[in-house]
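Peer 1: Take this structure, written in structure tokens, and hold onto it; I'll ask about it next.
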Amino acid sequence: MTWHAPALIQYCNLPLPWRCSTHHQIPTVALHYHIECNQRGCWFHALPRVWFDILNTINTSTGYSGFQLKTGHSPRIIPPLIPLDEVDDVARALDVLQRLHDDIQEAKDNLLKAKVSQAEFANRHWRDEVVFATVDRVMLSIFHQHRDYLQKDDKHIAKFMPRYDGPYTIMNTFPNRSIYTLDLPNSPNVFPSFHTSLLSQYNANDNDLFPGHVCTHPGTIVTEDGEIEW
């Protein structure tokens with residue numbers, strides 16, 4: 001895409017809401033601005049300018065804009081008013097290539113620093129992974145069942161639904177992938193392997209300490225013929 005002087009002038013005259021420091025907010029803010037200003041459907045003509053703004057925004061992680069890493073300069077910088085010294089074209093091209101190489105290497109270093117910093121802050125909110133063994137009994141989170149139930153109807157409410165179901169017995173373990181296979185006798189159509197984030201250690205109730213926490217189960221139903229009904 002080639003940008004001429006009118007496009008650059010239009011960019012310099014953009015309102016302040018466009019100039020966001022967060023890279024992923026640029027398309028949303030830009031489209032919202034044009035849709036609010038022109039509701040009749042002509043806002044799609046602003047998509048090239050949105051694209052221009054994305055490439056011309058300095059990324060927080062790398063410290064450079066897309067134009068800077070691609071062409072070695074940013075279009076929003078006002079060109080020098082004083083003519084540049086006459087330099088050989090070959091020397092100027094080598095200088096541009098060297099500047100691009102240095103910028104890319106520095107962007108890679110900045111990106112690595114950002115990844116390390118993000119991982120450090122993310123790990124502060126993560127718990128230590130619990131490793132289960134075969135035949136252990138665990139509780140299975142029904143978070144996905146909550147979501148599916150709520151998406152079926154706007155009137156559905158999952159406030160009083162339990163958070164976990166079970167207990168289930170672990171049949172097979174894959175600790176290197178944090179995946180465990182459970183024995184689901186009443187759910188033959190459900191894939192039995194789950195990530196460890198959906199599992200919780202099952203602790204059997206102590207009847208001496210908490211005698212009222214165990215729900216009574218109905219006894220065996222026997223028909224008139226003397227057969228046990230399942």
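Peer 1: Can you tell me which residues in the range 119-141 are under 17 Å from residue 203 (Cα atoms) and either part of a loop (DSSP other than H, G, I, E, B) or of a type outside the set (Gly, Ala, Ser) (or both)?
Peer 2: If the condition is that a residue be under 17 Å from residue 203 (Cα atoms) and either part of a loop (DSSP other than H, G, I, E, B) or of a type outside the set (Gly, Ala, Ser) (or both), then 130, 131, 132, 133, 134, 135, 136, 137, 138, 139, 140 are the ones that fit.
Peer 1: While we're here: Given 87, 96, which one is modelled with pLDDT under 85 and in a helix (DSSP H, G or I)?
Peer 2: Just a single option satisfies the conditions, and that option is 96.
Peer 1: Right, next: Considering only residues of the range 61-75 that are outside any loop (DSSP other than H, G, I, E, B) and in contact with a Ser or Thr (Cβ under 7 Å, 6 or more places away or on another chain), which is farthest from residue 114 (Cα to Cα)?
Peer 2: Per the criteria, the residue is 67.
Peer 1: Sticking with this structure for a sec: All but one of (1) part of a helix (DSSP H, G or I); (2) surrounded by 15 or more Cβ atoms within 10 Å (Cβ to Cβ); (3) modelled with pLDDT under 85; (4) of a type in the set (Gly, Ala, Ser) hold for residue 114, so report the exception by its number.
Peer 2: (3)
Peer 1: If you check residue 156 against the conditions, is it out of contact with any Phe, Trp or Tyr (no Cβ under 8 Å at 6 or more places or on another chain), assigned to a loop (DSSP other than H, G, I, E, B) and not charged (D, E, K, R)?
Peer 2: no
Peer 1: Cβ-Cβ under 6 Å, sequence separation 6+ or interchain: first residue in the range 161-175 and surrounded by fewer than 16 Cβ atoms within 10 Å (Cβ to Cβ) and outside any strand (DSSP E or B), partner modelled with pLDDT of 90 or more and not charged (D, E, K, R). Which pairs?
Peer 2: none
Peer 1: Here is a further query. Check the range 28-51 and report whether any residue there is among the aliphatic types (A, V, I, L, M), in the same structural domain as residue 108 (by TED's automatic domain parsing) and modelled with pLDDT of 80 or more.
Peer 2: No: the range 28-51 contains no residue that is among the aliphatic types (A, V, I, L, M), in the same structural domain as residue 108 (by TED's automatic domain parsing) and modelled with pLDDT of 80 or more.
Peer 1: Inside the range 143-175, can you point out the residues that are among the β-branched types (Val, Ile, Thr) and more than 16 Å from residue 196 (Cβ to Cβ)?
Peer 2: Once the filter is applied, which keeps residues that are among the β-branched types (Val, Ile, Thr) and more than 16 Å from residue 196 (Cβ to Cβ), the range 143-175 yields only 157.
So that you can scan it fast, the table gives a plain yes or no per residue for (1) of a type in the set (A, V, I, L, M, F, W, C); (2) modelled with pLDDT under 80; (3) closer than 30 Å to residue 127 by Cα:
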site	(1), (2), (3)
169	no, no, yes
173	no, no, yes
190	yes, no, yes
220	no, yes, no
227	no, no, no
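Peer 1: Quick one: in the range 165-201, of everything that is more than 29 Å from the chain's Cα centre (by Cα) and of a type in the set (A, V, I, L, M, F, W, C), which residue is farthest from residue 133 (Cα to Cα)?
Peer 2: If we take residues in the range 165-201 being more than 29 Å from the chain's Cα centre (by Cα) and of a type in the set (A, V, I, L, M, F, W, C), then 184 is farthest from residue 133 (Cα to Cα).
The values are calculated or read from the model by the stated rules, or taken from the named source; none is laboratory data. Here the structure is a predicted model, which is why all the values come from computation and not from measurement. Here the Cβ is made from the backbone with ideal geometry for all residues, glycine too, and neighbour counts use every protein chain on show.
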